[in-house]
Amino acid sequence: MIIARVVGNVVASQKQLSHEGKKILLLQPLDLKDEPMGELVVALDAVDAGVGDRVLAVQEGFSAMTSVGHIESPIDAAVIGVIDLVEIE
Amino acid sequence: MIIARVVGNVVASQKQLSHEGKKILLLQPLDLKDEPMGELVVALDAVDAGVGDRVLAVQEGFSAMTSVGHIESPIDAAVIGVIDLVEIE
Amino acid sequence: MIIARVVGNVVASQKQLSHEGKKILLLQPLDLKDEPMGELVVALDAVDAGVGDRVLAVQEGFSAMTSVGHIESPIDAAVIGVIDLVEIE
Amino acid sequence: MIIARVVGNVVASQKQLSHEGKKILLLQPLDLKDEPMGELVVALDAVDAGVGDRVLAVQEGFSAMTSVGHIESPIDAAVIGVIDLVEIE
Amino acid sequence: MIIARVVGNVVASQKQLSHEGKKILLLQPLDLKDEPMGELVVALDAVDAGVGDRVLAVQEGFSAMTSVGHIESPIDAAVIGVIDLVEIE
């Protein structure tokens, strides 16, 4: 999984029916100091996250599809949690 | 998922039967300013996209196969949507 | 699989129900001299590992999901063993 | 998928029974000018391709396994088509 | 798949039960001149390979799990063959 911040949305008029009603989010991956790290990721929203949230996202097809119900949703990335705290010991 | 522009086609005479009738597209990944970024991607078309369209594509086998009906279509990338708008906040 | 050391935890209040009661661990990948190598990895804990443990982790969705019981747990990385010894011949 | 040229074979005496009778091919990925690009790929042959052919190959396990019949064939790359033409517009 | 040489073992006392009795191998990927290339890979042994053998390995979860029987073995890499010969034409 990656830690990322939601920074925007993607709107697609012509898409798989299974995506209807779900947000497609733009994510900026973060390092442990909450600084941007690497390129943006496009992911489906499985937990009703919004712009500004720090989230946990998967980047693999089978797990992403499971996060949104699995059947007929051909995605390879999804937001699966909103993060409260990152503890480093 | 990635954001990309359709830039061409691939024609293969000897291929898996399940691909018959489906287009194999050449995609140029884009950054958020719509500038080309990184190397071309070869993907099966699941939404009847055409050259010039800005699209959303998956790059994982299970999700790509699901996008085109799943059975007997051994692909690892597919175009799953035509993009209207990318909003960054 | 990768060899890594557990260095912290991630706490998410809003997440997939299937993750309830399982720890989300921060892992630092190691080289063969036990020195840090590359970026941190976020993984679900399948073997009750703790901070300081040297562990074996998978980084693929289907195997990660299998390690924690598979159904309804949309993850793409998991800790699957605590390492005692690495032998190079 | 990637576009590649078949440049050789791998012979393995001790291997999964499911591979018996199938060729293991060495592929050189190509750029759009048919020039070599990046490192060689080892893939199972699903379409009876030969040395010199320009081919389409998948690089993901589930799709590779599907291309050769799926059951009991633990591969993560396969040649799924012989290319006639690449059109860039 | 990758071509690699077996260079060592990993011993884990606390691990998934499905791994009991199977060796966890350290692999050094090789280029076509049999020179080391890139970082070590940790993989489960599906063909009884030993230190010094030149092997073929998969690096994807679904195929790795299939190579060792599939059920309850959460791995993302496996040795699937011992190589006799690599022919480049």
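Across region D:18-63, what is the number of residues that are part of a helix (DSSP H, G or I), open to solvent by less than 20 Å² (accessible area, probe 1.4 Å) and farther than 16 Å from residue B:76 by Cβ?
Adding up the residues that qualify gives 1.
For region A:38-61, does any single residue satisfy the condition of being within 14 Å of chain B (Cβ to nearest Cβ), closer than 19 Å to residue B:47 by Cα and at pLDDT below 90?
Scanning region A:38-61, I find at least one residue that is within 14 Å of chain B (Cβ to nearest Cβ), closer than 19 Å to residue B:47 by Cα and at pLDDT below 90, so the answer is yes.
For region D:69-86, which positions are at the interface with chain B (Cβ under 8 Å from one of its Cβ atoms) and either under 10 Å from the mean Cα position of the chain (by Cα) or among the β-branched types (Val, Ile, Thr) (or both)?
D:78, D:80, D:81, D:82, D:83, D:86
Quick check on my filter: what residues within region B:68-81 are open to solvent by 10 Å² or more (accessible area, probe 1.4 Å) and on the phi < 0 side of the Ramachandran plot?
B:68, B:71, B:76
Report the residue count in region E:20-79 for those that are polar (S, T, N, Q) and farther than 20 Å from residue D:12 by Cα.
The total comes to 1.
Can you pull out the residues in region C:4-24 that are closer than 22 Å to residue C:84 by Cβ and either at the interface with chain A (Cβ under 7 Å from one of its Cβ atoms) or modelled with pLDDT of 95 or more (or both)?
Correct list: C:4, C:5, C:6, C:7.
Looking at region C:64-81 only, could you name the residues that are of a type in the set (A, V, I, L, M), at pLDDT below 90 and not in a loop (DSSP other than H, G, I, E, B)?
Answer for region C:64-81, where residues must be of a type in the set (A, V, I, L, M), at pLDDT below 90 and not in a loop (DSSP other than H, G, I, E, B): C:64, C:65.
Taking the condition modelled with pLDDT of 90 or more, surrounded by fewer than 24 Cβ atoms within 10 Å (Cβ to Cβ) and acidic (Asp, Glu), does residue A:84 pass?
Yes: the conditions hold for residue A:84.
Contact list please: Cβ distance under 6 Å, first residue in region B:1-13 and small (Gly, Ala, Ser), second residue crowded, with 23+ Cβ neighbours inside 10 Å, pairs at least six apart or on different chains.
B:4/B:27; B:4/B:55; B:4/B:57; B:12/D:56; B:12/D:81
The values are calculated or read from the model by the stated rules, or taken from the named source; none is laboratory data. Owing to the predicted nature of the structure, the values given are computational and were not obtained by experimental measurement. Cβ sites come from the backbone with ideal geometry, for glycine too, and all protein chains shown count toward neighbours. Each accessible area value is taken on the protein alone, full model and side chains, heavy atoms only, with ligands, DNA and RNA left out. Shrake-Rupley method; radii C 1.70, N 1.55, O 1.52, S 1.80 Å.
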